[in-house]
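Peer 1: A single structure is presented below for examination.
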Amino acid sequence: MALYWCTEVLPLAVTALLPTILFPVLGIMQSKDVCMQYLRDSNMLFVGGLMVAVAVEHWNLHKRIALKVLLVVGVRPALLMLGFMGVTAFLSMWISNTATAAMMVPIVHAVLDQLHRHDDTEEGRLKGRQDGDPGSAKQSAVVVGVPDAEASGRTGQSMEEADAVDEERKRLSKGLLLSVCYAASIGGIATLTGTGPNLVLLGQMSQLFPQSGGVINSASWFAFAFPTMMIMLMMAWILLQQVFIGRSLRGAWSCGAGQAAKERAARAVIGEEHRRLGPMTYGEASVMALFLLMVALWFTREPRFVDGWASRVFNAEAEFVTDATVALMVALLLFVLPSQPPKYLCCWRPNSDPGQRHTRTHFCPALPLLTWKVAQAKIPWNIVLLLGGGFALAKGSEESGLSRWLGSQMTPLHSIPPWAITVVLCLLTATFTECASNVATATLLLPILASMSQSISVNPLYVMIPCTLSASFAFMLPVATPPNAIVFSSGYLKVADMAKTGVVMNIIGIACISVAINTWGRVLFSLDSFPEWANATTPI
């Protein structure tokens with residue numbers, strides 16, 4: 001399965017179905033036990049979260065948020081890049097990285113067109129002078145009393161200025177596009193549903209360490225990963241600012257008169273896109289309210305430092321209610337609540353014609369906030385199978401004794417400090433995920449790392465969490481992740497451009513993870529001690 005996932009000789013989801021055939025045939029697990037791994041709690045959390053994300057996309061709520069934030073932060077060079085990165089990272093926390101990048105790239109192109117239109121006009125004027133009448137420059141020079149040699153020098157200087165403007169334009173385009181794809185990958189690490197590897201970790205923890213007591217949940221993960229994401233986002237912004245804009249951080253916040261004219265034009269484009277959306281509709285407001293409800297219920301279910309709403313009411317004896325329960329409840333409400341306001345909310349003024357609204361209200365029921373046709377078309381069901389195949393593979397490794405054998409082979413690592421092991425494993429994971437799916441990378445490595453940590457008596461989270469985050473850091477190659485491919489298809493970037501900055505981004509990512517896991521992560525997850533829940537599940 002590892003070979004097939006790396007080479008993609010079969011679709012990833014099809015490869016994930018191999019355990020349903022091979023495990024029963026080889027006598028490793030019964031078929032009914034294998035098939036149960038494909039719809040675990042983590043898979044249902046993924047489905048529920050994706051349904052809410054699809055509703056956000058369907059109602060263009062993500063675009064409204066993005067355009068509004070860009071209008072607030074402004075369009076100066078530093079602020080523009082920071083605004084794009086902040087919006088992209090925030091959206092990718094809740095909706096898929098691919099959808100976020102696909103939505104943001106056209107906005108980047110529209111802004112770049114306005115920023116460069118002034119440059120194109122100036123460049124065309126210079127070329128017109130050079131490609132027109134050869135004597136025109138001389139004649140105008142004679143009229144004003146300028147010598148021929150000086151006129152030729154000014155023409156050469158104009159050509160150099162045009163080339164410099166064109167080069168600066170390309171660098172700015174590359175920087176803004178890379179900022180979008182990097183922020184899409186970085187932002188996804190902040191929430192459990194933001195990217196696939198996070199859900200793989202959640203599922204592997206509940207399967208390999210069932211007595212861990214929900215040590216990984218939405219609240220605890222956000223408390224650890226969100227500061228890590230913010231630090232890495234700022235480091236990425238500084239890197240792209242220096243490489244592609246080439247100004248000092250202080251100078252990048254200011255602009256001259258010519259630059260201000262271009263920025264006003266770009267701001268006008270963003271404002272026009274925002275005006276086209278019109279006022280917020282009843283459907284958008286309802287989806288936003290449900291989204292905020294889901295996030296609030298996630299964070300307050302089991303905050304760990306205090307009792308949550310489910311601690312005593314539902315989960316006093318066992319963990320009956322999980323984050324998947326919350327996600328599926330909110331997703332169900334999307335199919336129940338109407339997309340048009342009821343009669344008693346006559347003060348809400350939708351954009352539709354009043355006559356049409358009257359007809360729709362009295363003669364046909366309003367559509368729900370989300371229909372199954374839309375959800376079925378936009379949910380990536382292949383990822384559900386891929387997650388299930390990973391859980392089945394991990395369960396088969398446990399049942400067959402492979403996990404125990406792999407752990408015993410790594411016993412000599414006991415003499416190496418845990419932080420050094422973490423750095424090496426993060427480096428290997430970041431390299432491997434450039435050539436394979438991030439979900440497949442996490443699926444293959446996490447069970448092995450769990451067995452290794454048990455064999456050397458190290459808290460499993462000490463190595464599993466950093467490698468989970470590293471699996472999302474595929475910055476170097478266009479094929480490494482869909483946001484990279486979307487940005488690369490714009491035509492502005494070369495593979496060398498992505499590789500050079502991607503290497504530095506991988507180093508920055510590993511450094512940020514190492515700092516996070518050895519500071520607040522050590523306190524948050526009690527990483528200094530080997531937990532009882534890990535010792536109790538060690539095979540004997």
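Peer 1: For Ile245, Ile189, Ile231, what's the largest-to-smallest order of accessible area, 1.4 Å probe? Walk me through the numbers on the way to the answer.
Peer 2: Details: Ile245 30, Ile189 0, Ile231 80 Å².
Largest to smallest exposure gives the sequence Ile231, Ile245, Ile189.
Peer 1: Checking the a/c ratio against 1.5 first, then a/b against b/c, what shape does the Cα gyration tensor give for the stretch 399-540? Numbers along the way, then the final one.
Peer 2: Working: a/c = 2.75, a/b = 1.91, b/c = 1.44.
Note, shape of the stretch 399-540 comes out prolate.
Peer 1: Taking 0.36 nm per residue of sequence separation and subtracting the Cα-Cα distance, how much length would be gained by fully extending the chain between Ser457 and Leu39, in nm to one decimal? Provide the component values of the computation, followed by the final result.
Peer 2: Details: separation 418, 0.36 × 418 = 150.48 nm, distance 3.12 nm.
This chain segment gains 147.4 nm when fully extended.
Peer 1: Another one. I'd like the accessible area for Leu233: 1.4 Å probe, protein heavy atoms, all chains in place, Å² to the nearest 10.
Peer 2: Using a 1.4 Å probe on the heavy atoms, I get roughly 20 Å².
Peer 1: Is the stretch 52-112 rounded, prolate or oblate when judged by the Cα gyration tensor, a ≥ b ≥ c being the square roots of its eigenvalues, rounded requiring a/c under 1.5 and prolate requiring a/b larger than b/c? Let's see the in-between values first.
Peer 2: Numbers: a/c = 1.92, a/b = 1.87, b/c = 1.03.
Prolate is the answer for the stretch 52-112, as a/c is 1.5 or above and a/b outweighs b/c.
Peer 1: Also, quick follow-up: Probe 1.4 Å, all protein chains in place: accessible area of Met44 in Å², nearest 10?
Peer 2: Only protein atoms counted, so the area is about 60 Å².
Peer 1: Filter Lys63/Lys395; Lys170/Lys378; Lys68/Lys174 down to the pairs with a C-alpha to C-alpha distance above 32 Å, please.
Peer 2: On the way: Lys63/Lys395 41 Å; Lys170/Lys378 34 Å; Lys68/Lys174 23 Å.
Those over the limit are Lys63/Lys395; Lys170/Lys378.
Peer 1: At a probe size of 1.4 Å, how large is the accessible area of Thr519, to the nearest 10 Å²?
Peer 2: Result for Thr519: roughly 60 Å² accessible.
Peer 1: At what distance in angstrom do the alpha carbon centres of the stretch 300-340 and the stretch 389-462 lie from each other?
Peer 2: 31 Å
Peer 1: Using only Cα atoms, locate the centre of the stretch 88-103 and the centre of the stretch 489-528, then give the distance between them in Å, rounded to an integer.
Peer 2: Value for the Cα centre distance between the two parts: 18 Å.
The values are calculated or read from the model by the stated rules, or taken from the named source; none is laboratory data. None of these values were measured; they are calculated from a predicted model. These accessible areas exclude ligands, DNA and RNA; they are computed on the full protein's heavy atoms, side chains included. Shrake-Rupley method; radii C 1.70, N 1.55, O 1.52, S 1.80 Å.
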